[in-house]
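Colleague: Handing you this structure, nothing more for now.
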Amino acid sequence: MAFVVRSGSRGNRLGSDTFRTDAFLSTLACLLGILLFLIPATARAADLKACRDHVRHGRYADAIKEADAAIEDGTYLDDWYLLKAKAHTAIGQDNEAIKVLDAAALRFSLSILVRHTQFEAYERVGRKHDALLVLERINRMIVAAPWRYSDSEELVTQGRVALAMGADARQVLELLYDRAIKLDPENTDAYLASGQLALDKNDDAEAARAFERGLRHDAEHPDLLFGLAQALASSDGPRTAETLDKLLEINPNYAGALLMQADHFIDSERYEHAVELLDKVLAVNPIEPSAWAYFAVLAHLDADAIGEHEYRDFALRRRADDPAVDHLIGRKLSRNYRFSEGAAYQRAALAMQANYLPARKQLAQDLLRLGNVEEGWKLVHAVYEDDGYDVVAFNLVTLHDRMAEFTTLRDDDFIVRMSASEAKIYGRRVMALLHRAKRALCDKYGLTLDGPVTVEIFPDQKDFAIRTFGLPGGVGYLGVCFGNVVTANSPASQGASPSNWEAVLWHEFCHVVTLNLTNNKMPRWLSEGISVYEEKQANKTWGQAMNARYRKMIMDGELTPISRLSAAFLRPKSGLHLNFAYYESSLVVEYMIQEFGLEKLRAVLQDLGKGIYINQAIENHMGPMKQIDKAFDDFARKRAEQLAPGATFEDEAFTRDVQRDPDALKQWVEDHPSHYPGLRVYASWLASQERYDEAVAVLTKAIELYPTETGGGSAYAMLAQLYRELGKTELERKTLQTIATLDADAVDVYMRLMELATEAEQWSAVRDHAQQMLAVNPLLPEPHRRLARAAEELGEHDTAIDAYRTLVTLDTPDPAGVHFALARLLHAKDDPSAKRHLLKALEEAPRYRDAHRMLLQITKQVEPQEKPEKSQAPPPAEPDEPKRPSP
């Protein structure tokens, strides 16, 4: 339509009207164009959501098809390119992914997200130079226009770029990731990046928190679920499994989740299940390096050197110098106690990339576990210098500083490191125990050790965990053996109820023997089973014995077949189930030795050392596994049935209401006279009513039914307490004595027995119970004091001297008396150190007359007017003289 412009005011007005009409029509045309454009754009937005869903649910081919259509359509969104590249990567089409990202980088030249994804793709295939150029370009883009990259999403990308360029991890977390979350609390990628950073630094707790926060905004985000599973893996097995199951329901092709499950099956020696999962990964991505690396691990465990080499080559097809491949193989071998082989793989990884931190950290720990402490600690400090935020490196460096204050006890056979104060107290006992274990176990199993065994004993449980696992945790572990290196908790780390440290060290040294015999190629169940079994052979109160709970588990069919027994240690339902795994393993060993003989068991160990799989080794010397499993099941059931055969234990009708109602409880016992729990509860009620004689009768019957129960709530413990309250000392002593023959950790029992034996002047009993107590907790003065007195009375002066020397280092109420007693015994042996202890006694009590007399005698200044009786108490008129060192 044409408009004529005329002069004059009207013309001006007409011109104005004509302009407005054109503007209106132009606006209308634009609006129509926008409306026409919005129709396909809205459709493409819906398609984009569908494409994201395809990737989320593992439908990678569908995602690629959707993205191709959008890209051909000339999309203005970089999301399509990124989704297409991600889908190509997931199915192993790395070159296709790079083509997509190269095109995206040209079209969306200002997008640092596209560029960073391009950088990752180049890194993945080993195009290091191209990756570096991209990284430098991103950095220049950010520096040139920081305002352009300041929203939440781009702050996360900035953080990832900064980490790739070596920025300080803590600054990245605080200045970029935390800011990104603050700007947009629903940005799940920010939580993902924050959690991944914590995972990389071994801060699993912080990682779990980050992933959980992200999952509050998207409960089915696959990457967040996978991160959470990784963070939980070291601390919460059941929840890890639950998280992986949920993830695989969402995306059954998620490679990381399948690989984690395969990893678990390898540890539990269920190799056929691991193979199924690895095949599933490769069906989606035929070049997935981790899957091929796991196959290399399986080949190594199967002593297939050729297969191991070939699988490793497959793993390196995508990138020939990928250090992550050798790191994964080595880490997995170390997880299976092949520390030498694992260390070799870490060195191979470092030959590809000398600054690859995961391999350096793992190598440092491998070296420490192999006993190569000088190189290991040096590498720990180097890792910490390069990455001060890494939790494991920080923990180990801090621990090394504390261990510098340890004392080292050394001879040709053992190197023992322990705190200086504890070494003075029971260091000699540790060395003596280890030598006894070596003589007994090396001879029995035919082993000659090539060098000394290192034993490190930690007074702080956290330090033990860090030395052993790299991180705090591991509560419940008393000791760990890596081959020729043993770490253990000292009694000081175990609170008020420590376990028998002698039994722990015997157990761990047995691991030294069996791991050396098999070159560390033995399943955990057999190693633990032999160690628990040999505890029992050394001391019948050590190790584990059948009890009512184990009996129920066996009768309820909870035995794990021998062929899958290692799995029982990995994700036990509870602490009880873990303890049961130890007990069942020892029962298997007992069955094997009883049925086939020790020589057959030694032959199995020899086969394991050659790399023969455990089930095959058993079949080589003992018979088909199906028959062995069945025969062991019968053996275990028979053993369970032999425990308290006349007693009953379980009954759902024995409710709390019955237990709380005296009349109902009495009726219950009358109706169920063999119900052991009912008898105990009834006896407790009778005692509370001061009906002691009746309570004694009920407890006596309970003990007749179940004569081997131990623990604070056992019928024995209740009966001993009743006898004490009744003043029946001899009956109390006999009852406590029975407990002492059943329980290796009965601290209160040993203390009371020492007290009773001292009152009766039964010095041999005092000595024996003191020794039992010292095997549990040597850090208390009381058993040393009792032992010193008993040894003096028995004429065992060397033992008495050792006990008094230990008392000198402890906090005792009568230090002067202890020094004097020690001086007197030393002087009788013409030991010149007697004078030093006399001076110490006089330093504590300057008017100690007996000490003055002995000092004069030693220095020959005057003849003593009278020979002091042993440990003679000073006259009461001298208040600053010490008391006699008596119990």
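The values are calculated or read from the model by the stated rules, or taken from the named source; none is laboratory data. Given the structure is predicted, the values throughout are model-derived calculations rather than measurements. Here the Cβ positions follow ideal geometry from the backbone for every residue, glycine too, while neighbour counts run over all protein chains shown. We work out accessible area using only protein heavy atoms, side chains counted, and drop any ligands, DNA or RNA first. Shrake-Rupley method; radii C 1.70, N 1.55, O 1.52, S 1.80 Å.
Colleague: Would you check if there is a residue in segment 79-92 being under 25 Å from GLU123 (Cα atoms) and either among the polar types (S, T, N, Q) or at pLDDT below 90 (or both)?
Modeller: Here is the first cut: in segment 79-92, the ones under 25 Å from GLU123 (Cα atoms) are 79-92.
Narrowing the set further to residues that are either among the polar types (S, T, N, Q) or at pLDDT below 90 (or both) leaves 89.
Yes, segment 79-92 contains a residue that is under 25 Å from GLU123 (Cα atoms) and either among the polar types (S, T, N, Q) or at pLDDT below 90 (or both).
Colleague: Give me the pairs, please: first residue somewhere in segment 319-347 and within 20 Å of LEU370 (Cβ to Cβ) and β-branched (Val, Ile, Thr), second residue anywhere and open to solvent by 10 Å² or more (accessible area, probe 1.4 Å) and not in a loop (DSSP other than H, G, I, E, B), beta-carbon distance under 7 Å, and either six or more positions apart or on two chains.
Modeller: Hits for this filter: ILE329/ARG312; ILE329/TYR345.
Colleague: Which of the following residues is in contact with a helix residue (DSSP H, G or I) (Cβ under 8 Å, 6 or more places away or on another chain) and farther than 30 Å from ALA492 by Cα: ASP811, ASP802, ASP830, ASP850?
Modeller: Numbers: ASP811 fails: farther than 30 Å from ALA492 by Cα; ASP802 fails: farther than 30 Å from ALA492 by Cα; ASP830 fails: in contact with a helix residue (DSSP H, G or I) (Cβ under 8 Å, 6 or more places away or on another chain).
Answer to the check: ASP850.
Colleague: Do we have GLN118 as of a type in the set (S, T, N, Q), in a helix (DSSP H, G or I) and free of Cβ contacts under 8 Å to residues at least 12 places away in the same chain here? Full working, then the answer.
Modeller: On the way: of a type in the set (S, T, N, Q): yes; in a helix (DSSP H, G or I): yes; free of Cβ contacts under 8 Å to residues at least 12 places away in the same chain: no.
Against the criterion (of a type in the set (S, T, N, Q), in a helix (DSSP H, G or I) and free of Cβ contacts under 8 Å to residues at least 12 places away in the same chain), GLN118 does not qualify.
Colleague: Within segment 71-81, which residues are in a helix (DSSP H, G or I) and surrounded by fewer than 21 Cβ atoms within 10 Å (Cβ to Cβ)?
Modeller: Within segment 71-81, the first condition is being in a helix (DSSP H, G or I), and the residues that meet it are 71-72, 79-81.
ILE71, GLU72, ASP79 - these are the residues of segment 71-81 that are in a helix (DSSP H, G or I) and surrounded by fewer than 21 Cβ atoms within 10 Å (Cβ to Cβ).
Colleague: Out of all the residues in segment 545-588, which are within 13 Å of ALA636 (Cβ to Cβ) and either touching a Gly at 6+ places or on another chain (Cβ under 9 Å) or of a type in the set (S, T, N, Q) (or both)?
Modeller: Result: THR560, LEU565, TYR583, GLU584, SER585, SER586, LEU587, VAL588.
Colleague: Based on what the data block shows, is ARG402 open to solvent by 40 Å² or more (accessible area, probe 1.4 Å), under 21 Å from GLY473 (Cβ atoms), in contact with a helix residue (DSSP H, G or I) (Cβ under 8 Å, 6 or more places away or on another chain) and among the charged types (D, E, K, R)? Steps first, please.
Modeller: Numbers: open to solvent by 40 Å² or more (accessible area, probe 1.4 Å): yes; under 21 Å from GLY473 (Cβ atoms): yes; in contact with a helix residue (DSSP H, G or I) (Cβ under 8 Å, 6 or more places away or on another chain): yes; among the charged types (D, E, K, R): yes.
Spelling it out, ARG402 is indeed open to solvent by 40 Å² or more (accessible area, probe 1.4 Å), under 21 Å from GLY473 (Cβ atoms), in contact with a helix residue (DSSP H, G or I) (Cβ under 8 Å, 6 or more places away or on another chain) and among the charged types (D, E, K, R).
Colleague: Still on this structure, I have one more. When segment 383-441 is examined, which residues are found to be more than 27 Å from LEU810 (Cα to Cα), assigned to a helix (DSSP H, G or I) and either in contact with a strand residue (DSSP E or B) (Cβ under 8 Å, 6 or more places away or on another chain) or of a type in the set (Lys, Arg) (or both)?
Modeller: Taking segment 383-441 as the starting set, the residues that turn out to be more than 27 Å from LEU810 (Cα to Cα) are 383-398, 412-413, 437-441.
The next check asks that each one be assigned to a helix (DSSP H, G or I); those that pass are 383-386, 391-398, 437-441.
Within segment 383-441, LYS438, ARG439 meet the criteria.
Colleague: Could you tell me how many of the residues in segment 604-621 are of a type outside the set (Phe, Trp, Tyr) and open to solvent by 20 Å² or more (accessible area, probe 1.4 Å)?
Modeller: Selection size over segment 604-621: 8.
Colleague: Name the residues in segment 570-595 that are over 19 Å from GLU535 (Cα atoms), assigned to a helix (DSSP H, G or I) and open to solvent by less than 60 Å² (accessible area, probe 1.4 Å), would you? If you could, list the steps in order and put the result at the bottom.
Modeller: Narrowing segment 570-595 to residues over 19 Å from GLU535 (Cα atoms): 570-577, 595.
Next, from what is left, pick out any that are assigned to a helix (DSSP H, G or I): 575-577, 595.
GLY575, LEU576, HIS577, listed by residue number.
Colleague: Shifting gears a bit: Within segment 682-716, can you find the residues that are in a helix (DSSP H, G or I) and open to solvent by 40 Å² or more (accessible area, probe 1.4 Å)?
Modeller: Let us first name the residues in segment 682-716 that are in a helix (DSSP H, G or I), namely 682-688, 692-705, 715-716.
Matches in segment 682-716: SER684, TRP685, SER688, TYR692, ASP693, GLU694, ALA697, THR700, LYS701, GLU704.
Colleague: Could you please find all residues in segment 721-767 being crowded, with 22+ Cβ neighbours inside 10 Å, more than 23 Å from GLN544 (Cβ to Cβ) and small (Gly, Ala, Ser)?
Modeller: ALA757
Colleague: Among the residues of segment 352-370, write down those that are in a helix (DSSP H, G or I) and either more than 17 Å from VAL453 (Cα to Cα) or open to solvent by 40 Å² or more (accessible area, probe 1.4 Å) (or both). So that I can check it myself, show each step before the final result.
Modeller: Step one: of segment 352-370, the residues in a helix (DSSP H, G or I) are 352, 357-370.
Within segment 352-370, MET352, LEU357, PRO358, ALA359, ARG360, LYS361, GLN362, LEU363, ALA364, GLN365, LEU370 qualify.
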